[in-house]
Amino acid sequence: LAKTTQPISMDSYEGQEVNITCSHNNIATNDYITWYQQFPSQGPRFIIQGYKTKVTNEVASLFIPADRKSSTLSLPRVSLSDTAVYYCLVGGQDSSYKLIFGSGTRLLVRP
Amino acid sequence: DAGVTQSPTHLIKTRGQQVTLRCSPKSGHDTVSWYQQALGQGPQFIFQYYEEEERQRGNFPDRFSGHQFPNYSSELNVNALLLGDSALYLCASSRGTVEEKLFFGSGTQLSVL
C-alpha cells in the first residue's frame, strides 16, 4: 500500500494561499490521490481528487507532478473556517480497495 | 438526499461488554467502510463491505466484526470491549470502485469505562 507523508502542522493567516505537500513515493500506476478535510468531532469531508497534472474545483487546486510521487493541495485565500486537519490518501484497485489515512496536517489559520 | 447516518451518536460501555454500531449509507452507494479514530490520530481502516461481504480488512482483531444488509446498511460489532477501544467510529460510504470519493457520517463516540 502506498504510504503518505505530510507535515504535521502548518500555520497561516487569513487571506493567504496555503500549500500542503504530500509525499507518496511508492504510488501504484492505477492509484488516485484524494484529499479530505476534517473538523473536530466530525467525519472527514472530500476536498479534491486527481490522477495526474492539475485539478481545480471551487474550493481547492491539486497539483501532481509527472512522476506522481508527491502532490500539493493549494487552498487560495484561507479563512479562519479553514482551520482543520487535512489528509492525503492514495488508493486504487492496486491497493485492494483500502483507503489508508495518515496522521494528516493540522492547519491553523490566524486572524 | 440524506447523507451517511450513524447511530447512536454517543455510547458509554464498560470493559467486557459488547457494542453494535449502525450505519446507513448515502443514497445510491453500495460500499461501506468503517474506521476507528482515536483522539488526535487519523482514522484507522477497520474493514469494508461490498455486496454483503467483507472485501478488505485492516489490522484489527476478530473482536471487530461487521455485517452489510441487502439495503446496503451496515453494522459494526465489537466484543469484549477494552479501554483502548474508546474512540470515534466513522462509517463511510461510496459506490463500488475505490476511485469514488468517500462520504463520511459524523461518527459514533464510544467510551469504554
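The values are calculated or read from the model by the stated rules, or taken from the named source; none is laboratory data. This structure is a prediction, so every number in the text was calculated from the model and none was measured. Reconstructed Cβ throughout: ideal geometry from the backbone, glycine too, with neighbour counts over all protein chains shown. Keep in mind that these areas ignore ligands, DNA and RNA; they rest on the heavy atoms of the full protein, side chains included. Shrake-Rupley method; radii C 1.70, N 1.55, O 1.52, S 1.80 Å.
Here's the yes/no breakdown for (1) farther than 15 Å from A:Asn26 by Cα; (2) touching a residue at least 24 places away in the same chain (Cβ under 8 Å); (3) touching a Ser or Thr at 6+ places or on another chain (Cβ under 9 Å); (4) of a type in the set (A, V, I, L, M):
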{"residue": "A:Gly50", "(1), (2), (3), (4)": "yes, no, yes, no"}
{"residue": "A:Ala60", "(1), (2), (3), (4)": "yes, yes, yes, yes"}
{"residue": "A:Thr72", "(1), (2), (3), (4)": "yes, yes, yes, no"}
{"residue": "A:Gly91", "(1), (2), (3), (4)": "no, yes, yes, no"}
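With the requirement that a residue be open to solvent by 40 Å² or more (accessible area, probe 1.4 Å) and either part of a strand (DSSP E or B) or under 21 Å from A:Gly104 (Cα atoms) (or both), what does region B:39-64 give you?
Going through region B:39-64, the residues open to solvent by 40 Å² or more (accessible area, probe 1.4 Å) turn out to be B:39-41, B:44, B:50-57, B:59, B:61-63.
Residues satisfying the conditions are B:Leu39, B:Gly40, B:Gln41, B:Gln44, B:Tyr50, B:Glu53, B:Glu54, B:Arg55, B:Gln56, B:Arg57, B:Asn59.
With the structure loaded, tell me whether B:Gln48 is in contact (Cβ under 8 Å) with a residue 12 or more places away in the chain and over 20 Å from B:Gly96 (Cα atoms) or whether it fails that test. Spell out how you get there, then give the answer.
Working: in contact (Cβ under 8 Å) with a residue 12 or more places away in the chain: yes; over 20 Å from B:Gly96 (Cα atoms): no.
Answer is no for this residue.
Across region A:57-82, the number of residues qualifying as outside any strand (DSSP E or B) and buried (at least 17 other Cβ atoms within 10 Å of the Cβ) comes to 4. When the residues of region B:21-38 are narrowed to those that are hydroxyl-bearing (Ser, Thr, Tyr) and away from chain A (no Cβ under 12 Å), which ends up most open to solvent (accessible area, probe 1.4 Å)? Out of the qualifying residues, it is B:Ser27.
Scanning region A:27-56 for residues that are open to solvent by 50 Å² or more (accessible area, probe 1.4 Å) and either in a loop (DSSP other than H, G, I, E, B) or farther than 17 Å from A:Val85 by Cα (or both) yields a count of 12. Out of (1) more than 12 Å from every other protein chain (Cβ to nearest Cβ); (2) under 11 Å from the mean Cα position of the chain (by Cα); (3) among the aliphatic types (A, V, I, L, M), what's the single condition that is false for B:Ala80? Single failed check for B:Ala80: (2). More than 13 Å from every other protein chain (Cβ to nearest Cβ), modelled with pLDDT of 95 or more and open to solvent by 10 Å² or more (accessible area, probe 1.4 Å) - does that describe any residue in region A:85-106? Within region A:85-106, none of the residues are more than 13 Å from every other protein chain (Cβ to nearest Cβ), modelled with pLDDT of 95 or more and open to solvent by 10 Å² or more (accessible area, probe 1.4 Å). All of (1) within 12 Å of chain A (Cβ to nearest Cβ); (2) open to solvent by less than 20 Å² (accessible area, probe 1.4 Å); (3) within 18 Å of B:Leu11 (Cα to Cα); (4) in contact with a Ser or Thr (Cβ under 8 Å, 6 or more places away or on another chain) hold for B:Gln109 with one exception: (2).
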